1. Could you report the chain's accessible area per residue, 1.4 Å probe, as an integer in Å²?
2. Enter the mean projected area of the convex hull around the alpha-carbon atoms of the chain, in nm², rounded to one decimal.
3. Dividing the alpha-carbon Rg of the range 1-42 by 2.2 N^0.38 Å yields what?
4. What distance in nm separates the simple spin-label points at Ile139 and Ile75, each placed 7 Å from Cα in the Cβ direction?
5. Mind checking the angle between helix 17-33 and the chain's longest principal axis? C-alpha axes, 0 to 90 degrees, to the nearest 10.
6. Cross-link candidates for Lys104: which lysines have Cα within less than 18 Å, leaving aside residues fewer than 8 places away along the same chain?
7. Taking 7 Å along the Cα-to-C-beta vector as the label spot, tell me the Leu7-Asp66 distance in nanometres, rounded to one decimal.
8. Label points 7 Å out from Cα along the Cβ direction at Ser39 and Thr101: separation in nm?
Amino acid sequence: MYWNGVLKRLDLFAKGSWFIYLIGSILLSLSITTTKNISRREWPLLFGMIGFYGWMANIILFFIFDLMDSGDPSIGGIPDIFMFVIGPAATAILFLNRYNTPTKLIRVIFFSMLSFLVEYILGRLGYIKLKGWRPVFSIPFYLLLFAIVLPWTLKIIRK
């Protein structure tokens with residue numbers, strides 16, 4: 001009985017959370033094993049900073065402006081950690097690993113569309129519930145993130 005309550009408070013089995021666990025695990029594994037331009041010293045710094053950005057986006061969009069809900073909105077569960085910390089940080093590291101290549105613009109567009117697709121699927125699976133936010137609002141956000149914010153963050157870490 002007690003453990004059932006603990007599992008419920010962790011929101012482990014929220015609708016659609018399986019997708020978050022799957023994508024987050026794949027991205028985390030890839031970000032650890034496929035390093036080209038990110039050093040082992042830069043990896044944890046980037047992971048922490050991008051994880052912080054993700055959690056701040058969660059607070060701003062989901063709590064302050066109340067534009068979306070994820071899982072059980074009254075619980076900040078394990079799927080939220082995968083969605084706002086692990087997924088974005090691992091994606092950012094994969095993106096920045098090969099950012100300074102001739103295909104910079106293509107990579108920005110590809111990772112923006114990939115992030116949008118994951119968000120859209122989470123909405124279709126019922127994990128994300130929109131309350132005033134439209135999926136197309138995310139596209140400029142992702143483009144700005146991948147084109148400006150992430151390269152700027154890497155530049156700060158390397159100084």
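The values are calculated or read from the model by the stated rules, or taken from the named source; none is laboratory data. Please read these numbers as outputs of a predicted model, since none were measured by experiment. No Cβ is skipped: glycine too gets one built from the backbone with ideal geometry, and neighbour counts run over all protein chains shown. Heavy atoms of the whole protein, side chains included, go into the accessibility calculation; ligands, DNA and RNA do not. Shrake-Rupley method; radii C 1.70, N 1.55, O 1.52, S 1.80 Å.
1. 58
2. Average of the hull's projected areas for the chain equals 9.9 nm².
3. Its radius of gyration relative to the 2.2 N^0.38 Å reference: 1.75.
4. Modelled inter-label distance: 3.6 nm.
5. So the helix axis and the longest Cα principal axis differ by about 30 degrees.
6. Lys36, Lys155
7. Once both label points are built, they end up 3.2 nm from each other.
8. If labels sit at Ser39 and Thr101, their model points lie 2.2 nm apart.
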